[in-house]
1. Compute the length gained on full extension between Asp33 and Asn14: take 0.36 nm times their separation in residues and subtract their Cα-Cα distance, giving the result in nm to one decimal.
2. List the relative contact order of the stretch 206-297 as a percent without decimals, with contacts defined as Cα pairs under 8 Å and 6+ residues apart.
3. Extension gain Ser274-Glu286, at 0.36 nm per residue separation less the Cα-Cα distance, in nm?
4. So, for the chain, what is the accessible surface per residue at a probe of 1.4 Å, expressed in square angstrom?
5. For the Cα atoms of the chain, what angle does the longest principal axis make with the long axis of helix 216-225, in degrees from 0 to 90, nearest 10?
6. About its Cα centre, how strong a charge dipole does the stretch 195-303 have in debye, to the nearest 20, once Lys and Arg get +1 and Asp and Glu get -1 at the Cβ?
7. Please give every one of the lysines within straight-line cross-link reach of Lys117, meaning a C-alpha to C-alpha distance under 21 Å, and leave out same-chain neighbours fewer than 8 residues apart.
8. Could you identify which residue out of Ile24, Ile223, Ile80 has the top mean-square fluctuation in a GNM of the chain using Cα springs shorter than 10 Å?
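The values are calculated or read from the model by the stated rules, or taken from the named source; none is laboratory data. Not measured: the values here are computed from a predicted model. Glycine gets a Cβ as well: all are built from the backbone with ideal geometry, and neighbour counts include every protein chain shown. Ligands, DNA and RNA are excluded from the accessible area calculation, which covers all protein heavy atoms including side chains. Shrake-Rupley method; radii C 1.70, N 1.55, O 1.52, S 1.80 Å.
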Amino acid sequence: MNKKIFSGVQPTGNLHLGNYLGAIKNFVELQNDKKNECVYCVVDLHSITVKQDAKILKKNIRETVATFIASGLNPDKSIIFNQSAVSAHAEAAWILGCVSRMGWLSRMTQFKEKAGKDKEKASVGLYVYPVLMSADILLYDATHVPVGEDQKQHLELCRDIAQKFNHDFNAPDFLKVPEPLIQKQFSRIMSLKDGFKKMSKSDPSDFSRINLTDDKDLIINKIKKAKTDTSPMPGLKDNLEKRPEVENLIGIYSSLSNQKTDKTKIEFEGKNFSFFKNKLSELLVEKIDPIAKKIKDLLKDESSLDKILAEGSNKADNFASKKVNEIKKLVGF
Ligand code: AMP
Ligand code: TRP
């Protein structure tokens, strides 16, 4: 089946190994399958659900595009654009917000996590964030949405919204109900400091993550300091439930080398950690350092990045404005 792919990444800076292995690497593989049509969006409207500095936001939008391109996305093969440049996203989000139920949104665990203890102070935007995400997806008739495990609940909400809209406006199959594409392995890359916490750009410790802009020395240093334990490297039979940091490093190694974790376990069974960490650093440097260098190069030419976004936004607008007009017609506008 030909797949229509849509996914988004927030331009909040510090894109890291979790974003790469959990999302972007997969975006590139999907793009390189000629049967797929792919749309990848820098979701800048989503990023302002928490306070942003205007100058830094602008820089982060460019850095996210640069990361896409440096990782292998190609604007001749995929539509690459930023969300705020295509007004249909905000328009559709309003209409879909009127179809969505408070009860559905109040179940979203990401809102609860992000809003923290003081929900009263969270922005309304943060609460309705998953509705905008649904608009993103539904405007392009996306059939498949590659995301990390943390976005699964938002995808389920998107499916509910699509079905309710189709039902309420008596338009069977009008909004296409999308499938999440969540990798079976490596969909949750964990912090280098705490194997129970997701690797995240908001973690105050830079040593908890490998940023896609880290240079060789920093990568080596971060892996040297990554948390492990005193037992030797595990084999196939060992239970890793109580050794999440070890499991995570094995996962990172396996994902970067495109091999099953079992193969990695067999490769390193019984070895000490410094041996494994050296190999892991070498592999990370081999894969990440060229991306980091390319990002730096691309960022030197801001106008080329802006041009990629402008051209991508034009192409995206062609799809999205048609769809939002059909939505408006169905609603009665
Ligand atoms: P975000 O940075 O939150 O916009 O996330 C962009 C994409 O990266 C989403 O598909 C996330 O699910 C994915 N992602 C973010 N952090 C991780 C992680 N630690 N492990 C795997 N995937 C992640
Ligand atoms: N909410 C997603 C995240 O934080 C980003 C996102 C916005 C997205 N719109 C999307 C992902 C549409 C997939 C499809 O990671």
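1. Extra length from Asp33 to Asn14 when fully extended: 4.0 nm.
2. 43
3. Working it through step by step, the gained length comes to 2.5 nm.
4. Value for the chain: 50 Å² per residue.
5. Tilt of helix 216-225: around 70 degrees.
6. 180
7. Correct list for Lys117: Lys51, Lys197, Lys198, Lys201.
8. Maximum fluctuation in the GNM of the chain, among the listed residues, is at Ile223.
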